[in-house]
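Data first, discussion second: the structure below is written as structure tokens.
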Amino acid sequence: MKLKALLAATCAAAFTMGAAYAEGVKVGMITTLSGGGAGLGIDVRDGFMLAVKQSGRADIEVVIEDDQRKPDIAVQLADKLVQQEKVDVLTGIIWSNLAMAVVPAVTAQGKFYLSPNAGPSALAGKGCHKNYFNVSWQNDAFNEAAGAWASENGIGKVFLMAPNYPAGKDMIAGFKRFFKGDVAAEVYTKLGQTDYAAEIAQIKAADADLVYYFLPGGMGISFMKQYAGSGADKPVMGPAFSFDQGILGAIGEAALGVKNTSHWSKDLDNAANKAFVESFQAEYGRLPSLYASQGFDTALLLISAMGKADVKDADGFRAALEAAEFASTRGDFKFGPNHHPIQTIYMREVVKEGDVVTNKIIGTAATEHTDAYAADCKM
């Protein structure tokens, strides 16, 4: 069966299963569509809407709002979507500080929140909620796998760097949790920073074998361009957020050889992923990023639940979400007891394929990985 036909058949099956349920679902998507992090939100939006389109369902309404990467605006939008738009499900947030400002309030009001990206530790442990489902990862995960990989591959001392906000702190904590060597320095930058001259000077002076950093979106683009031109020669590594497709398109060959951890890659060998990559390129004229794959999977999770229960039946719909019976771009997909994924995390390397700088899987960094906070979650 051709890839497009396979994907269409999967979506059509979900639609047929859900045909018995008269009620549709109204989705409120709050994501970042302007400013330095816009590429991430655009990819999540485009991946989500592609899956909705391919499902053929006419009973999914999506109201999309731009949070401008500002917590106060995200809170205002959430209130509007819940109180005025009467949405059933919310999704879309990229940044952990925005998730912390929005998710507890909307789940307390009985709404479902499906996270296509942000995975703060506070919502995975004691702050978990039965209506909160994270379809992407918990913030520490990629970094835990990277820490283990670095230790297993002879790295003795690292320079750590991340923005000073919840995700940045989670990422560094995750790396240190599994890294057995020493930390030469641990630096937290301003969220949205674009000038890294001072940090690069610190890196040059540090006695470190490796620079490990988390700088998503425009921050990662700015840092890597400046680092490549600085004469610094320490190798760099990070989670996929610092080296994803959108970032690589802007950085170019300066990133070649960099290793990064991810649960997804465009070359992941399963039928659903091949179909997704092909259809995303056809629809949007660009390669998908992990953010796009997460948006796509989030919509597929929603559609799978709609095939089993009416969203107005909260217990039934929750059980349908927990079952997570959909063909993920990652292959096998299942939730842990805190509604966060249990999944394989791969090591990728930045390579050049023709004229395109992209990622290629070179190994497995962690198998059946679960987050460190699940034991503290009491739903």
- Query: Just for the range 298-330: of the residues that are free of Cβ contacts under 8 Å to residues at least 12 places away in the same chain and not charged (D, E, K, R), which one is surrounded by the most Cβ atoms within 10 Å (Cβ to Cβ)?
  - Reply: GLY316
- Message: From the list ALA108, ALA78, exactly one residue is surrounded by 24 or more Cβ atoms within 10 Å (Cβ to Cβ), within 23 Å of GLU23 (Cβ to Cβ) and either more than 20 Å from the chain's Cα centre (by Cα) or in contact (Cβ under 8 Å) with a residue 24 or more places away in the chain (or both). Which is it?
- Response: ALA78
- What is the number of the single condition among (1) assigned to a loop (DSSP other than H, G, I, E, B); (2) surrounded by fewer than 24 Cβ atoms within 10 Å (Cβ to Cβ); (3) of a type in the set (Lys, Arg) that ARG69 does not meet? (2)
- Query: So which of VAL103, VAL158 is farther than 30 Å from ALA208 by Cα and either touching a residue at least 12 places away in the same chain (Cβ under 8 Å) or not polar (S, T, N, Q) (or both)?
  - Reply: VAL103
- Message: Looking at the range 293-300, can you tell me whether even one residue there is touching a strand residue (DSSP E or B) at 6+ places or on another chain (Cβ under 6 Å), modelled with pLDDT of 95 or more and part of a helix (DSSP H, G or I)?
- Response: yes
- List the number of the failed condition for ALA228; all other conditions in (1) under 29 Å from ILE361 (Cβ atoms); (2) modelled with pLDDT of 95 or more hold. (2)
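So, in the range 83-111, exactly how many residues are farther than 20 Å from VAL44 by Cβ and touching a helix residue (DSSP H, G or I) at 6+ places or on another chain (Cβ under 9 Å)?
The first filter runs over the range 83-111 and keeps only residues farther than 20 Å from VAL44 by Cβ, leaving 83-84, 86, 104-105, 108-110.
Next, from what is left, pick out any that are touching a helix residue (DSSP H, G or I) at 6+ places or on another chain (Cβ under 9 Å): 104-105, 109-110.
The number of residues fulfilling the criteria is 4.
Could you tell me whether any residue of the range 222-231 is more than 16 Å from ARG330 (Cα to Cα), assigned to a helix (DSSP H, G or I) and among the charged types (D, E, K, R)?
Checked the range 222-231: at least one residue is more than 16 Å from ARG330 (Cα to Cα), assigned to a helix (DSSP H, G or I) and among the charged types (D, E, K, R).
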- Query: For the range 302-325, does any single residue satisfy the condition of being among the polar types (S, T, N, Q), assigned to a strand (DSSP E or B) and closer than 21 Å to SER55 by Cα?
  - Reply: no
- Query: Taking the range 333-379, which residues are in a strand (DSSP E or B) and closer than 17 Å to ASN273 by Cα?
  - Reply: LYS334, GLN343, THR344, ILE345, TYR346, ARG348, THR358, ASN359, LYS360, ILE361
- Per the filter on the range 149-170, residues out of contact with any helix residue (DSSP H, G or I) (no Cβ under 7 Å at 6 or more places or on another chain) and farther than 17 Å from ASN260 by Cβ are GLY154, GLY156, LYS157, ASN164, LYS169
- Item | Pair list, Cβ < 7 Å and 6+ apart or interchain, from the range 278-295 residues that are touching a residue at least 60 places away in the same chain (Cβ under 8 Å) and over 21 Å from PHE326 (Cα atoms) to residues that are of a type in the set (A, V, I, L, M, F, W, C) and buried (at least 20 other Cβ atoms within 10 Å of the Cβ) | GLU283/LEU50
- Query: What tally of residues in the range 33-59 results from selecting those that are surrounded by fewer than 21 Cβ atoms within 10 Å (Cβ to Cβ), within 18 Å of LEU301 (Cα to Cα) and touching a Gly at 6+ places or on another chain (Cβ under 6 Å)?
  - Reply: 1
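Results for (1) modelled with pLDDT under 95; (2) more than 16 Å from the chain's Cα centre (by Cα); (3) closer than 12 Å to ASN359 by Cβ, shown as yes or no for each residue.
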| residue | (1), (2), (3) |
| --- | --- |
| PRO216 | yes, no, no |
| ILE247 | yes, no, yes |
| ALA250 | yes, yes, no |
| GLU253 | yes, yes, no |
| LYS259 | no, yes, yes |
| LYS274 | no, yes, no |
- Counting only residues that are at pLDDT 95 or above and more than 28 Å from TYR346 (Cβ to Cβ), give me the strands (runs of 3 or more DSSP E) lying completely in the range 88-206 with at least 2 of them. 89-91
- Task: Take the range 340-363 and flag every residue that is under 30 Å from LYS126 (Cα atoms) and among the hydroxyl-bearing types (Ser, Thr, Tyr).
- Result: THR344, TYR346
- Which of (1) without any contact (Cβ under 8 Å) to a residue 24 or more places away in the chain; (2) more than 30 Å from ASP315 (Cα to Cα) does ASN143 not meet, given it meets every other one? (1)
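The values are calculated or read from the model by the stated rules, or taken from the named source; none is laboratory data. If you're wondering where the values come from, they're calculated on a predicted model, not measured in any experiment. Quick reminder, even Gly has a Cβ in these numbers, built from the backbone with ideal geometry, and neighbours come from all protein chains shown.
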